[in-house]
1. Wrap a convex hull around the Cα atoms of region 13-99, take a quarter of its surface area, and give that in square nanometres.
2. Please give the contour-minus-distance gain from residue 16 to residue 83: 0.36 nm per residue of separation, less the Cα-Cα distance, rounded to one decimal in nm.
Amino acid sequence: MNTTMHEGSRTTPAGEAGAELFEAFGGAVRIAEIAVVALLGLLVCPPLLILAVVVAVPLIATAALVAAVVGAIAVPLILVRGVRAHHRRHGSTLFLHRVWPGRPVSGQATR
């Protein structure tokens with residue numbers, strides 16, 4: 001091994017080999033870091049997925065079922081209350097609207 005200085009160069013051949021070795025070692029360390037992160041990810045994700053399936057999916061399904069039942073009861077109730085309030089405001093009934101659809105009802109002006 002020759003450790004003499006080359007003209008115009010500040011490093012020795014041994015120093016160049018050390019730099020290449022350091023660079024290769026840095027790449028190997030980076031690969032090891034990625035492998036450790038991937039391994040930890042594989043160890044952590046399945047329990048989280050199991051937790052999501054065991055806890056979140058039934059919770060979401062139950063909430064959707066409750067919302068459907070409440071909606072099936074509440075929507076017609078709200079619609080009926082709205083129609084009744086409309087008829088109370090105008091002094092008419094649904095029966096009069098059906099019997100005389102074009103005739104003005106008490107409390108309404110003619111067109």
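1. Numbers: hull surface 51.5 nm².
Mean orientational projected area (region 13-99, Cα hull): 12.9 nm².
2. Details: separation 67, 0.36 × 67 = 24.12 nm, distance 8.97 nm.
Result for the pair: 15.2 nm of gain on full extension.
Since every read-out is calculated from the coordinates, none of them should be taken as a lab result. Source: prediction; values computed, not measured.
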